[in-house]
1. Spelling out what I want: for every residue of region 70-85, take phi, set θ = phi - 60°, compute 6.51 cos²θ - 1.76 cosθ + 1.60 (Karplus), and round to whole Hz; glycine and proline get x.
2. Against the longest principal axis of the chain, how steep is helix 2-53, in degrees 0 to 90 to the nearest 10, with axes from Cα atoms?
3. Tell me the mean residue ellipticity at 222 nm calculated for the chain from its helices only (DSSP H runs of n ≥ 4, each -39500 (n - 2.57), averaged over every residue, nearest 500).
4. Could you compute the net charge surrounding residue 73? Neighbours are other residues with a C-beta less than 13 Å from the C-beta of residue 73; K and R count +1, D and E count -1.
5. Using 7 Å Cα-to-Cβ label points, what is the residue 57/residue 83 separation (nm, one decimal)?
6. Considering only protein heavy atoms, with the full assembly of protein chains and a 1.4 angstrom probe, order 14, 85 by accessible area, largest first.
7. Taking region 1-78, which GluC sites (Glu not before Pro) meet the DSSP loop condition and have no more than 14 other C-beta atoms within 10 Å?
8. What spacing in nm lies between the two simple spin-label points modelled at residue 95 and residue 45, each 7 Å away from Cα in the Cβ direction?
Amino acid sequence: MILAWVLSLLLLMSSLIAYLERMTALALIEVNTMKTSHRSFVAAEKLVMECEQNISQITALAENNCFIQSLGKNIWLISSKQKPSIQVHVYLDEKSGIATRLNWRQSFE
């Protein structure tokens with residue numbers, strides 16, 4: 001009887017250890033995924049910001065990393081080409097050439 005109790009206790013402990021190993025592996029995967037996503041999001045934001053700052057010189061840009069679309073009345077929609085996609089609405093003052101960000105959002109497909 002005591003032997004069965006000890007074996008069940010050992011089995012319970014081994015299943016607990018296996019469960020903890022799986023949870024640790026999932027936590028590591030979660031942290032790595034979050035780091036990768038954060039890096040991609042920051043890179044996309046930098047590209048959009050660069051396009052936003054140079055929007056008055058659209059034709060002078062050698063390589064455009066964004067989709068730029070006119071919405072009329074000096075309002076532009078700038079979207080990043082890479083994932084995650086970020087969309088920014090910008091108002092461009094024609095006199096000063098200064099772009100003002102109206103809003104932004106992450107675009108999901």
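The values are calculated or read from the model by the stated rules, or taken from the named source; none is laboratory data. Because the structure is predicted, anything quoted here is derived from the model rather than measured. Backbone-built Cβ (ideal geometry, glycine too); neighbour counts: all protein chains shown. Only protein heavy atoms, including side chains, enter the accessible area calculation; ligands, DNA and RNA are left aside. Shrake-Rupley method; radii C 1.70, N 1.55, O 1.52, S 1.80 Å.
1. Karplus values, whole Hz, x for Gly and Pro: 7, 9, x, 6, 6, 10, 10, 10, 10, 10, 6, 7, 8, 8, x, 7.
2. Roughly 10 degrees, rounded to the nearest 10.
3. -18000 deg cm²/dmol
4. Charge balance in the 13 Å sphere: -2.
5. 3.3
6. These residues rank, largest area first, as 14, 85.
7. Hits after loop and neighbour filter: 63.
8. The modelled label-to-label distance comes out at 3.2 nm.
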